1. Evaluate E = 1/(1 + (r/R0)^6) for Ser36 and Val192, where r is the Cβ-Cβ distance and R0 equals 45 Å; express this FRET efficiency to the nearest 0.05.
2. So, in Å, what gap is there between the alpha-carbon centers of the range 127-196 and the range 1-72?
3. When all protein chains stay in place, what accessible area (Å², nearest 10, 1.4 Å probe) is found for Ser3?
4. Could you tell me what percent of the accessible area of the range 151-251 is made up of carbon and sulfur, with a 1.4 Å probe and every protein chain present?
5. Please sort by residue number the trypsin sites (Lys or Arg not before Pro) in the range 60-93 whose DSSP state is loop and whose Cβ has at most 11 other Cβ atoms within 10 Å.
6. Lys and Arg at +1, Asp and Glu at -1: add these up for the other residues within a Cβ distance under 11 Å of Ala138 and post the number.
7. Exactly which GluC sites (Glu not before Pro) in the range 40-135 are in a DSSP loop and have at most 16 other Cβ atoms within 10 Å?
8. Given the -39500 (n - 2.57) contribution per DSSP H run of 4+ residues, what per-residue ellipticity at 222 nm results for the chain, rounded to the nearest 500 deg cm²/dmol?
Amino acid sequence: MISIKSEYEINMMREASKILVETREALREIIKPGVSTELLNQRADEIIRNLGGNPSFKDYEGYPKSICASVNHVVIHGIPNKKTVLKEGDIISIDLGVTYKGYHADSAATFPVGNISKEKTQLLKVTEEALYKGIEKAIPGNRVSDISHAIESYIKPYGYGIVEAFTGHGIGRDLHEEPQVLNYGPPNQGPVLRPGMTICIEPMVNLGTKHVKVLSDGWTVVTEDRQPSAHAEHMILITEDGHEIMTTKKE
Ligand code: MF3
Ligand code: CO
C-alpha cells in the first residue's frame, strides 16, 4: 500500500525539508580540502537538532552516524570518520535525512572539493540532470517506472554505470515506504502516481561499471572498479497538477 499523505502530514514533511535544506546549504559552505567527514557529520547533527529536527539516519537499522558522506568511489552510505579528509579534486556525496514530528525528509547531492576533473564535472552534471528527468515524470496519472525509464534513457548515451542494487522509495512516517523507484527499466510499469504520494528519486551513477560491493563494515557501498560515483536525490510530493520538489530552497 502506498500511503496518501494528509495536508497535516505534508506540512510536517515540508518542515523537515526546510531543516534539511538549511543543513545542506551550511555543509556546502564548509566542504573544502582539509575538512574531515567526521566534522561534516558533527556540523550537520548540530544544525538539524538546533532547528528542531532529528537526524533520520542516526541508529536507523544500526547506522552509526547522522549523515552519509561518500567520497569518490564510495557510492552511498559512507560512514563519516576522522580519517577521511577531503582533498582538492575529490567529489563527496552528502545524503541527509531529517525527521520532524515523526515525518521524514530525505535528499542527497554530490559536491566538488575545489577544482575537479572534467570527467567528474560531467558525472555530477549528468547525475543531477538525470534526477530532474525523473522528476519531470513524477506527475499524477503516470506510473512509477515512467520515472525509472526517463532516468535510464537520459544517462545511457554517456555510457555510465547506473547502480541497480539500490533504489528510490516512498517516504513519510517511515524513511523507506512503498513504492520502490528503480533508476532503470521499461516505462509504464508499477503503481499509478496519485496526488498526496511522496517519493524519493535518487539515481546513483558510476563513471565505470554499474557493479558495486558493500565493505566489511556492513554499510559502505563502493564501485567494484573503484572509479568515482555520484548521487542525487530529492523528495517529491505528487500534487493535483504535477509535483512539488520538497527538498529545494523555497523563497
Ligand atoms: N538516504 C538513504 C536512502 O535514501 C538512507 C541512508 S541509509 C541510513 O535510502 F542507514 F544511513 F540511514
Ligand atoms: Co533516499
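The values are calculated or read from the model by the stated rules, or taken from the named source; none is laboratory data. Because the structure is predicted, anything quoted here is derived from the model rather than measured. Cβ coordinates were reconstructed from backbone atoms using ideal geometry, including for glycine residues, and neighbour counts include every protein chain displayed. SASA here: full protein model, heavy atoms, side chains in, ligands and nucleic acids out. Shrake-Rupley method; radii C 1.70, N 1.55, O 1.52, S 1.80 Å.
1. The calculated FRET efficiency here is 0.50.
2. Centre-to-centre distance over Cα atoms comes out at 22 Å.
3. Only protein atoms counted, so the area is about 50 Å².
4. In the range 151-251, the share of accessible area belonging to carbon and sulfur is 49 percent.
5. Those satisfying the criteria are Lys82, Lys83.
6. With Lys, Arg at +1 and Asp, Glu at -1, the net is 0.
7. Passing both the DSSP loop test and the Cβ count: Glu88.
8. Counting only the DSSP helices, I get -9000 deg cm²/dmol.
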